[in-house]
Amino acid sequence: MPDWVYAIILGLVEGLTEFIPVSSTGHLLLTKEALGLPDGFWGTFSVLIQLGAILAVVVVYFQRLWGVVLRIPTDPKARGFVLSVLVAFLPAVVIGLALHDFIKEVLFESPAIICWSLIIGGIGLLFIDRFAPTPRYDDAMELPFWTSLGVGMMQVFSMVPGVSRSGATIVGGVLLGVRKEAATEFSFFLAIPTMLGVFVLDAWENRNAISADQAGTIAVGFVASFIFALIVIKTMVAFVSRRGLSPFGWWRIIVGLAGLVALNLR
């Protein structure tokens, strides 16, 4: 297949899975494995197209986020929201930089770890959907700092491929008394600095792995990632409100089991 077809497939996987609790990284790695795509350019490509998903969050929540920016000088609630996101982001910065090489060179090289992470995380989603504590916080933009820090600590677990950044942060929020819809929105907001940080770090480290003639392929993946992430973000909160997290739990278990079967048949 031509590279632009691979770019659309990977962009679709990134856009559809980045903001739902099924692990976009795990799905991308398993998809590349299934398509027989080597690391190098395609590894860097998978990071670069995350920028499309980040842009989708900004577009959907632009009015609310821009309103916060304008009110920062005069509104304590606006400053509190910004600080809560930064507090939640901090643990990933510290742990991510400390363990970056181990995560990339060990965890990302094991499809079996990804599959088991998907399965275990799926069971966790089924559990939390059934036994979630009574929510105390309804607004993603007014979470206490300690709650935001707890969500940020949960995000650290998503550094293991297959765990899911959105899954870890949504579950963390729910366990700390945040309503599922609000936990989902806070996960979107936290994704902006987190994914942007990962993008900048990996893009810099792999700046020599791409060339000008690959720009078209990257652009195709970027657009596909943006479009499908936009669709997911616009529908995710309503879906969680109606159906909960169980559908994503079952999906993770099915994909993880299918991956283990495929690995054993190779």
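Overview of values
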| item | result |
| --- | --- |
| Span from the the stretch 205-266 Cα centroid across to the the stretch 117-171 one, whole angstrom | 19 Å |
| For the chain, radius of gyration divided by Kirkwood radius, i.e. Rg to Rh on alpha-carbons | 0.96 |
| Per principal axis, descending, Cα span of the stretch 158-222 in whole Å | 49, 22, 19 |
| Rg followed by Dmax, in Å, when the stretch 130-184 is reduced to its Cα trace | 10.6, 31 |
| Using a Förster distance of 30 Å, the FRET efficiency for Ala212-Ile72 (Cβ separation, nearest 0.05) | 0.15 |
| Estimated inter-spin distance, Ala203 and Ser241, nm [label 7 Å along Cα→Cβ] | 3.4 nm |
| Where the Cα pairs of the stretch 1-62 fall when distances are cut into 10 Å bins, in % | 21, 55, 20, 3 |
| Sequence ranges 244-250, 7-13, ranked by mean other-Cβ count within 10 angstrom, highest first | 7-13, 244-250 |
| Simple label model, 7 Å out from Cα along Cβ direction - Ala34 to Val261, nm | 1.2 nm |
| Convex hull per residue volume in Å³, alpha carbons only, for the stretch 111-252 | 125 Å³ |
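Bear in mind that the values in this text are calculations on the coordinates, not laboratory data. Bear in mind that the values here come from a model prediction, so they are computed numbers and not experimental data. Heads up, the Cβs are rebuilt from the backbone with ideal geometry, glycines too, and the neighbour counts pull from every protein chain shown.
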